[in-house]
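These notes concern the structure reproduced below.
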Amino acid sequence: MEFEPTLEQEIRNGQLNDEKIKEIKELIKLDKAPGFRVDADGTVWHGDRICVPNIKSIRDLILKEAHETAYSIHPGSEKMYQDLKQKFWWYGMKREVAEYVALCDVCQRVKAEHQKPAGLLQPLKIPEWKWEEIGMDFIVGLPRTQSGFDSIWVVVDRLTKVAHFIPVKTTYSGAKLAELYMSRIVCLHGVPKKIVSDRGTQFTSHFWKRLHESMGTKLNFSSAYHPQTDGQTERTNQILEDMLRACAIQYGFVW
């Protein structure tokens, strides 16, 4: 009496009509498929791993056996792939394993959360008067104009949403930015009480901090856990970038 696994027989039968398996067989005859071989029964193997045809029912059965049985008990995608690759092979197997685990309802319910728990939202208070609190950011990486400008300094009033777009160069020092800030913002709107920005090197420099300390302006920087702090400025950037793309496509370096 001889026993043969039912799954292996299904794989052997499925290989007979699989176009990719047929192509591999032809390449084996031409000695152009290193690592592949055909046994005495005509079954294609990749080393010691049997090649699984592109039949959804067979592949789903293999994935289910490796993930949901009492011997496996829902392993992660990497562990499941390492187990399957010892006996089976097909194109894109690692991707299909990852997708299967990601869509498993049981895994989504029982897997522990390893991220830092998110705290309560802490939105910034609405300013009481225009240009009391402003947000600022830079748009960089633009085509260099004839005047040498390759960036835009975006300054937004948090209350009225009015924005100033100042063309600048990435080589500008803190002193030059401070000069522009005084002539383009302070001269028009006065000294703001607070400035919201990300932690760019221009805003965290000692000169920039000392300048605003002397003017009585408080600097509020976004943190790693609350990158949306200056989301209003980022949204303004997004709108401006859409317009800039259209200008750059049509006018090139004279945006």
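The values are calculated or read from the model by the stated rules, or taken from the named source; none is laboratory data. Values in this document were obtained by computation on a predicted structure and should not be read as measured data. Methodologically, a virtual Cβ is constructed for each residue, glycine included, from the backbone with ideal geometry; neighbour enumeration extends over all protein chains shown.
Checking each residue in the stretch 75-96 for being outside any loop (DSSP other than H, G, I, E, B), of a type in the set (Lys, Arg) and in contact with a helix residue (DSSP H, G or I) (Cβ under 9 Å, 6 or more places away or on another chain) picks out only 94.
Taken over the stretch 4-37, the criterion of being outside any helix (DSSP H, G or I) and under 14 Å from residue 54 (Cβ atoms) is satisfied by 16, 17, 18.
Within the stretch 43-74, the residues that satisfy the criterion of being modelled with pLDDT of 90 or more and in a loop (DSSP other than H, G, I, E, B) are 43, 47, 48, 52, 53, 54, 55.
Just the residues that are of a type in the set (D, E, K, R) and without any contact (Cβ under 8 Å) to a residue 12 or more places away in the chain, please, taken from the stretch 76-86.
The answer is 78, 79.
Each residue in the stretch 43-67 was checked for being touching a helix residue (DSSP H, G or I) at 6+ places or on another chain (Cβ under 8 Å) and more than 14 Å from residue 88 (Cβ to Cβ), and 0 pass. Return the residues of the stretch 124-142 that are loosely packed, with under 10 Cβ neighbours inside 10 Å and of a type outside the set (A, V, I, L, M, F, W, C); say none if nothing qualifies. Within the stretch 124-142, 125, 128, 141 qualify. The set of residues in the stretch 26-53 being surrounded by fewer than 16 Cβ atoms within 10 Å (Cβ to Cβ) and not hydrophobic (A, V, I, L, M, F, W, C) consists of 26, 29, 31, 32, 34, 35, 37, 39, 41, 42, 47, 48. The helices (runs of 4 or more DSSP H) found entirely in the stretch 126-223 that carry 1 or more residues being of a type in the set (A, V, I, L, M), touching a strand residue (DSSP E or B) at 6+ places or on another chain (Cβ under 7 Å) and farther than 19 Å from residue 235 by Cβ are 174-181.
Looking only at residues in the stretch 165-176 that are out of contact with any helix residue (DSSP H, G or I) (no Cβ under 6 Å at 6 or more places or on another chain) and of a type in the set (A, V, I, L, M), which one is surrounded by the most Cβ atoms within 10 Å (Cβ to Cβ)? Full working, then the answer.
Restricting attention to the stretch 165-176, the residues satisfying the condition of being out of contact with any helix residue (DSSP H, G or I) (no Cβ under 6 Å at 6 or more places or on another chain) are 165, 167-173, 175-176.
Checking which are of a type in the set (A, V, I, L, M) leaves us with 168, 175.
On the way: 168: 19, 175: 12.
If we take residues in the stretch 165-176 being out of contact with any helix residue (DSSP H, G or I) (no Cβ under 6 Å at 6 or more places or on another chain) and of a type in the set (A, V, I, L, M), then 168 is surrounded by the most Cβ atoms within 10 Å (Cβ to Cβ).
Which pairs have Cβ atoms under 6 Å, sit 6 or more apart or on different chains, and link a residue in the stretch 163-192 that is farther than 17 Å from residue 240 by Cβ and outside the structural domain of residue 203 (by TED's automatic domain parsing) to one that is among the β-branched types (Val, Ile, Thr) and in a helix (DSSP H, G or I)? Taking only residues 6 or more apart or on different chains, not a single pair turns up. Out of the residues in the stretch 87-117 that are loosely packed, with under 10 Cβ neighbours inside 10 Å and in contact (Cβ under 8 Å) with a residue 24 or more places away in the chain, which is nearest to residue 19 (Cα to Cα)? For the stretch 87-117, the residue satisfying everything is 110.
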